[in-house]
1. In the stretch 19-41, what residues are in contact with a strand residue (DSSP E or B) (Cβ under 7 Å, 6 or more places away or on another chain) and part of a loop (DSSP other than H, G, I, E, B)?
2. How many residues are touching a residue at least 40 places away in the same chain (Cβ under 8 Å), out of contact with any strand residue (DSSP E or B) (no Cβ under 6 Å at 6 or more places or on another chain) and closer than 30 Å to residue 293 by Cβ when one looks only at the stretch 161-185?
3. Which number in (1) exposed (fewer than 15 other Cβ atoms within 10 Å of the Cβ); (2) in contact (Cβ under 8 Å) with a residue 60 or more places away in the chain marks the one condition that residue 110 misses?
4. Provide a single number: the residues in the stretch 120-140 that are assigned to a loop (DSSP other than H, G, I, E, B) and either farther than 18 Å from residue 69 by Cβ or not assigned by TED's automatic domain parsing to the domain that holds residue 67 (or both).
5. Would a scan of the stretch 120-135 turn up a residue that is surrounded by 12 or more Cβ atoms within 10 Å (Cβ to Cβ) and within 28 Å of the chain's Cα centre (by Cα)?
6. Look through the stretch 1-11, keep the residues that are part of a helix (DSSP H, G or I) and over 24 Å from residue 334 (Cα atoms), and return whichever of them is nearest to the chain's Cα centre (by Cα).
7. Test residue 420 against the criterion of being out of contact with any strand residue (DSSP E or B) (no Cβ under 7 Å at 6 or more places or on another chain), part of a loop (DSSP other than H, G, I, E, B) and under 20 Å from residue 317 (Cα atoms), and give yes or no.
8. Taking the options 364, 348, 383, 401, name whichever one is in contact with a strand residue (DSSP E or B) (Cβ under 9 Å, 6 or more places away or on another chain), part of a loop (DSSP other than H, G, I, E, B) and in the same structural domain as residue 204 (by TED's automatic domain parsing).
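The values are calculated or read from the model by the stated rules, or taken from the named source; none is laboratory data. Everything quoted here is computed from the prediction, not taken from an experiment. Using ideal geometry, Cβ is built from the backbone for each residue, glycine included, and neighbour counts are taken over all protein chains shown.
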């Protein structure tokens, strides 16, 4: 047992007003405690219901360090089960997706389970007739996670059987997700193929913090976006001509501090927040008339203008996803260790919208978030440098003081300048609170 396990007071000391201790990023023990206490008691993204359209369709993924199966049951509801046979512990499914039919079958001893996890059949069941097998966990079948909520197609799970309710956890933060879905003339999204998967040798929280860090783009991305702009300006493009879609995507990364400061930031309780209140790098994308007409037909002129006028930059849903409403993207930061994070970048099709919107979304994903991306490697190098640098003994603290206010509270919605580090402090306020509540309950 390490120094933090069973000591919530020591964990509490890691998060102070305006700074956090390096152990929140580099400690193996803190990582294990996060999996047990933070991720188990918050609502974590699992998948989109369009990935499992038919009965028996399933995907496999992780919620924190727990392998799970998301499956559409015979009643058409989405279930999330631990990916483990209750007999010997064998993983039931190893493919990323598939259709299991009416039941799952363990490949080891052929135990079978309904798609809600209930035990269906055991070979030679008579061997258990004179035993207390019926009182064991195995007799109950594959265990389901504590709670599941499908919100407008997006499936979230809470591992703990008891805890904060979905609506209480997200509250008004769901407005960002609503806006992304409302951008579809038919009011629904469909996942557009598999995600881009990209391994990062750094702590998962570095990626989450970066999503609302508005002071790095013009610095870290000068070598990529800055170079692209320079080459474009040297091309034969003439002012007034339509810009290529790729340049519409990459050029705004080099916007000055004043732009990012002015676009604003909003935070909500429980660690959620977004950059881009009044503007964002997505605001000036060219739109075709066909899309505007489809939105007006679906919502009316006033409501369509309201939906499309909301151009939030990055919305963080704590603990570990980011979504971009204007380009229908979700990034899932899956922690695999204190210094290892798998990033999945998903894109979605706006049902009823012109195909060029999906083309732009896919292009954005390739340019910014792919393992072969232009921009993403700038960030990755910074994360890995930080992960290495935090092991040095010159300073044990990470500074988050930008625009900090004495005695600031994170209980209510807040809006302010876009370059503030408030959202990072907001995330650590939630981190500390959920960690301490769970650790204290475990200790008693």
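1. Listed by number, the list holds a single entry, 22.
2. Residues in the stretch 161-185 being touching a residue at least 40 places away in the same chain (Cβ under 8 Å), out of contact with any strand residue (DSSP E or B) (no Cβ under 6 Å at 6 or more places or on another chain) and closer than 30 Å to residue 293 by Cβ: 5 in total.
3. With respect to (1) exposed (fewer than 15 other Cβ atoms within 10 Å of the Cβ); (2) in contact (Cβ under 8 Å) with a residue 60 or more places away in the chain, residue 110 is out only on (2).
4. 8
5. Scanning the stretch 120-135, I find no residue that is surrounded by 12 or more Cβ atoms within 10 Å (Cβ to Cβ) and within 28 Å of the chain's Cα centre (by Cα), so the answer is no.
6. So the residue we want is 8.
7. no
8. 401
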